[in-house]
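Chemist: Please see the structure below; I have some questions.
The values are calculated or read from the model by the stated rules, or taken from the named source; none is laboratory data. For clarity, every value in this text was computed on a predicted model and none was experimentally measured. Every residue, glycine as well, gets a Cβ built from its backbone with ideal geometry; the counts of neighbours run over all protein chains shown.
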Amino acid sequence: MVSLSYLGKRLGLMVVSLYAVITILFFLFRILPGDPTSRVVSPRFSAEQQEQLMAQYGLDEPLHTQYILYMRNFAVGDLGQSFQHGEPVLPFILDRTINTLILTVPAILIAFILGPFIGALFAWHRNGRLDNYGTAIALTTYAAPIFWTGMIALMIFSFTLNILPSGGMRPAGDVPGTAVDRVFSLVTWQHAILPIVIFALWRISRPILITRNTMIDVLGDDFIQLKKAEGTPESTIRYRHAMRNSLLPVVHYGALAIGYAFGGSVILETVFSWPGLGRTMWDAVQAHDYPVVQGAFFLMSFMVILFNFIADIVSSWLDPRVKDEGVVE
Amino acid sequence: MGVVDIDGVSVEYATDDGPVRAIDDVSFRIEEGETLGIVGESGCGKTTLTKAFLRLLDSNGEISEGSITYEGIDLAAASESTLREKIRWKEISYIPQNAMAALDPVYTVGSQVVQVIKLHTDKSTAEARERCAELFKRVDLDPNRMDDYPHELSGGQRQRVTIALSLALSPSVIVADEPTTGLDVIVQDQICDLLEEIQEDIGCAIVFVTHDMGVVSNISDRVAVMYAGRIAEIGRIEDVFERSAHPYTIGLQNAFPRMEEYPSDSTLIEIPGSPPNLVEPPSGCRFADRCPFATDECRSTDPEPVELDDGRRIECLYPDQREEFRTNGSDPRTWVPESQSSTVYAP
C-alpha cells in the first residue's frame with residue numbers, strides 16, 4: 001500500500017517542481033534574444049501606439065510586478081493569447097494536446113504493457129533463438145528513425161496497397177469537430193492507426209530490452225531458485241516473480257517516455273501531417289508566437305513532472321522498499 | 001532402508017576449459033529422521049550436491065551418472081512435472097543459503113508462505129493464512145509479521161521465515177544449505193536449536209550443509225566430509241570427529257578452533273596447498289598432494305571406499321593406520337610441506 005505521508009511528500013515535491021518550471025519559463029522568455037513584442041508591435045507604429053500596446057501586454061511594468069502578474073495569471077490558467085491566432089493559449093494548446101494523445105496514449109500503452117511481457121519471454125529463453133532474433137529486431141526498431149519507418153509504412157499501406165489514409169486526421173475539407181467528436185470518430189482512428197503502430201514499434205524496444213536485461217539479473221537471484229524448489233510453475237516464476245521484480249526501471253523509463261511523448265512526437269506528427277501539440281509548437285517557434293511556445297513548454301514540463309509523480313507512486317506499489325528508503329538497494 | 005538413496009552420483013559442469021566433475025561418484029543414504037551434516041571447504045562440491053539433489057543445478061550442470069532414489073522415484077531422471085507434483089516441497093523442501101535474498105522482495109513474507117501452501121493443497125486463502133500463522137508461531141515469529149515485507153525483518157527473522165516456509169507441507173526431508181551463514185553466533189545457535197526442535201516434532205530428515213565444524217557437530221547425527229567432489233569420510237558424528245580416520249578429516253579438525261581448548265592450546269594448524277583442479281583431477285587419491293602421509297601408491301591408485309567396524313566409510317588406502325595418522329596428525333610439524341620443512345627447522 002502507498003502510505004499517505006509518502007504521497008504527501010511526492011505531491012509537495014511536484015508542486016515545488018512546477019513552481020520552479022513556471023519561474024524559469026518567465027525568465028527564459030525575457031532573456032531570450034529578440035524582443036517578444038517585435039511580432040505584434042510594429043516599428044512603424046507611433047511611439048504612443050507602441051507604448052499603448054506594451055501597456056496592454058503589461059510589459060511597461062517593472063520586472064517584479066510582471067512576475068507577480070504572470071504568476072497570478074498562471075494560477076488561474078490564463079497563459080495569454082496567441083500572437084498568431086489571437087485565441088487564448090490554454091484552450092488552444094489543450095485542444096491540440098488531445099490530438100497528440102490520440103496517437104501517443106495507445107502507442108505507449110501497447111509499448112509498455114506488451115513490452116515487459118516480451119522482454120520477460122526473451123530473458124527466460126536467454127540466448128535461445130527467440131531471444132537472439134527478438135533482441136536483434138528490438139534493437140533494429142529502436143535504431144530506425146521514425147521518419148524513415150513512417151515513410152516506408154506510408155509507402156506500403158497508403159500508396160501501394162491503398163488501404164489506409166496517407167496523413168492528417170480526416171479527409172480534406174472535413175470540418176474538425178469538438179475534441180469529443182474527434183476522439184469518438186471512426187475516421188480519426190482510421191487515420192491514427194498507422195502513426196500509432198509506427199510510434200509503438202519504436203517505443204516498445206526500450207521496455208523489451210530494459211525488462212530483458214534487468215530480468216536476466218533477477219533470474220540469478222536466490223529467491224527464484226527457492227520458488228523453483230517450491231515447485232512453483234514456470235509461468236508464475238517468470239511473470240509473478242521475475243518480471244514483477246524487473247518492472248521498476250521500466251516504470252521510471254515509461255514515466256519519462258510518456259512525458260516526452262507530448263512534445264517528442266514532432267517528427268511523427270510532421271510525417272503523418274497530424275495537427276498535434278508537437279507540430280503546433282514547431283509552428284509557433286517558427287512564427288515567434290511566444291505565448292504558445294511558452295504554453296507548450298509548460299504543458300510538456302507539467303506532463304513530465306506529473307508522470308514522474310505517478311511513476312513514484314506506482315514504484316512504491318511495485319517495490320515496497322521504495323517508500324521506506326527512497327531508493328532500492 | 002534410507003529415505004533417500006544416493007547411488008554413484010556424478011555431476012558435471014560444462015565450462016570453457018572443459019567439463020568440470022564437481023561431484024564424482026558419490027553414494028550415501030539419508031536415513032529417516034536423522035540429521036546428516038555435510039562439511040567441507042569452499043568448492044568441495046557440497047552446494048552442488050544439494051542442488052543436484054533438489055534438481056536445481058545451473059543450466060550448464062547435469063547429473064551425468066548415478067541415481068537419487070526417493071520412494072521408488074529416481075530424482076535424477078524424473079521429469080520436471082513429476083518433481084513438481086510429487087516431490088518438490090511436499091516431500092523435499094529447502095532452506096537456502098542466503099536468507100537475505102531468498103524471499104521475493106515485492107511480496108509480504110506471509111503471502112509467500114500462503115502461495116506455496118495453496119500451490120500444493122486445496123486450502124482456501126483463509127485456511128492457508130491460518131496455517132501460516134501456526135508456522136510463524138512454531139518458529140517463534142509474531143504472526144503479525146506475516147504482512148511485513150522481507151526488508152522489514154532482520155536477518156534472523158528472515159531465516160525463521162524461510163524455515164517456516166520449509167515446514168509448510170511437513171516434508172520428509174529438509175535440505176538446509178548453510179542456513180546459519182551470515183548470522184551472528186547467538187542467532188546461529190537459536191536457529192540450530194529451532195531446527196532440532198522441529199525435527200523432533202515432525203520427524204523429518206535434515207541435510208545440513210555447512211563449512212562450520214562447530215555447527216555441524218552440534219546439530220548432526222551423522223556427518224559426511226567432502227573433499228574435491230568425493231566423500232572422504234562418512235559416519236556417526238562422534239566417530240568421525242573424535243576418532244577421525246581420514247587424513248583430511250584430521251587436517252580439517254586441526255584447522256578449526258575448538259572452544260574447550262581455548263585459550264591454552266589455540267594454535268590452528270593449516271592444511272598446506274589447495275584443492276585440486278577438477279577439470280583434470282590428479283590420478284590416485286585426490287588428497288594425496290596435501291596429505292602428509294601420502295605414499296607413491298596414493299598418487300597412482302584410486303582409493304576404494306572402505307567400511308570400518310563402527311559403520312563409517314572412508315576413502316583412504318590405509319584405513320588400518322588411522323591411529324597412527326591421528327597421533328601424528330595432531331603435531332603441527334606433520335603438516336609442514338616437505339619442501340619447506342628444511343627451511344623452517346634448520347638451525
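Chemist: Quick one: in region B:105-134, of everything that is more than 25 Å from A:TRP317 (Cα to Cα) and within 14 Å of chain A (Cβ to nearest Cβ), which residue is nearest to the chain's Cα centre (by Cα)?
Modeler: B:HIS120
Chemist: Got a number for residues in region B:311-335 being touching a residue at least 40 places away in the same chain (Cβ under 8 Å), in contact with a helix residue (DSSP H, G or I) (Cβ under 9 Å, 6 or more places away or on another chain) and not in a helix (DSSP H, G or I)?
Modeler: So the count comes out to 5.
Here is a yes/no grid of residues against (1) among the small types (Gly, Ala, Ser); (2) within 14 Å of chain A (Cβ to nearest Cβ); (3) surrounded by fewer than 20 Cβ atoms within 10 Å (Cβ to Cβ):
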position: B:THR47; (1), (2), (3): no, yes, yes
position: B:SER64; (1), (2), (3): yes, no, yes
position: B:GLU71; (1), (2), (3): no, no, yes
position: B:ASP74; (1), (2), (3): no, no, yes
position: B:SER81; (1), (2), (3): yes, yes, yes
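Chemist: What is the one condition in (1) away from chain A (no Cβ under 14 Å); (2) at pLDDT 90 or above that B:ILE95 does not satisfy?
Modeler: (1)
Chemist: Taking the condition of being of a type in the set (Phe, Trp, Tyr), crowded, with 20+ Cβ neighbours inside 10 Å and at pLDDT 75 or above, how many residues in region A:247-272 meet it?
Modeler: Of the residues in region A:247-272, 1 are of a type in the set (Phe, Trp, Tyr), crowded, with 20+ Cβ neighbours inside 10 Å and at pLDDT 75 or above.
Chemist: On to the next question. Touching a residue at least 60 places away in the same chain (Cβ under 8 Å), in a helix (DSSP H, G or I) and under 21 Å from B:PRO257 (Cα atoms): which single residue out of B:VAL187, B:VAL216, B:VAL161 fits that description?
Modeler: Just a single option satisfies the conditions, and that option is B:VAL216.
Chemist: May I ask you to say which residue of B:PRO303, B:PRO282, B:PRO292 is in contact (Cβ under 8 Å) with a residue 24 or more places away in the chain and either touching an Asp or Glu at 6+ places or on another chain (Cβ under 9 Å) or basic (Lys, Arg) (or both)?
Modeler: Criteria check complete, one pass: B:PRO292.
Chemist: Among (1) under 23 Å from B:ALA128 (Cβ atoms); (2) assigned to a loop (DSSP other than H, G, I, E, B); (3) within 7 Å of chain A (Cβ to nearest Cβ), where does B:LYS90 come up short?
Modeler: (3)
Chemist: Can we say A:LEU299 is within 29 Å of A:ASN99 (Cα to Cα) and within 23 Å of the chain's Cα centre (by Cα)?
Modeler: Yes; evaluated as a whole, the condition is true for this residue.
Chemist: To continue, here is another question. I need a count of the residues in region A:207-242 that are of a type outside the set (A, V, I, L, M, F, W, C), more than 8 Å from chain B (Cβ to nearest Cβ) and either within 24 Å of B:GLN115 (Cα to Cα) or surrounded by 20 or more Cβ atoms within 10 Å (Cβ to Cβ) (or both).
Modeler: The qualifying residues number 12.
Chemist: Please note which helices (runs of 4 or more DSSP H) are completely contained in region A:75-192 and include at least 1 residues that are over 24 Å from the mean Cα position of the chain (by Cα) and of a type in the set (D, E, K, R).
Modeler: Of the helices (runs of 4 or more DSSP H) lying wholly inside region A:75-192, those with at least 1 residues that are over 24 Å from the mean Cα position of the chain (by Cα) and of a type in the set (D, E, K, R) span A:129-143.
Chemist: Within region B:36-69, which residues are in a strand (DSSP E or B) and more than 14 Å from B:GLU178 (Cβ to Cβ)?
Modeler: B:LEU36, B:GLY61, B:GLU62, B:ILE63, B:SER64, B:GLU65, B:GLY66, B:SER67, B:ILE68, B:THR69
Chemist: For region A:193-238, which residues satisfy the criterion of being assigned to a helix (DSSP H, G or I) and among the charged types (D, E, K, R)?
Modeler: A:ARG203, A:ARG206, A:ARG212, A:ASP217, A:ASP222, A:LYS227, A:LYS228, A:GLU234, A:ARG238
Chemist: Out of curiosity, is B:ALA77 part of a loop (DSSP other than H, G, I, E, B), in contact with a Ser or Thr (Cβ under 8 Å, 6 or more places away or on another chain) and without any contact (Cβ under 8 Å) to a residue 12 or more places away in the chain?
Modeler: yes
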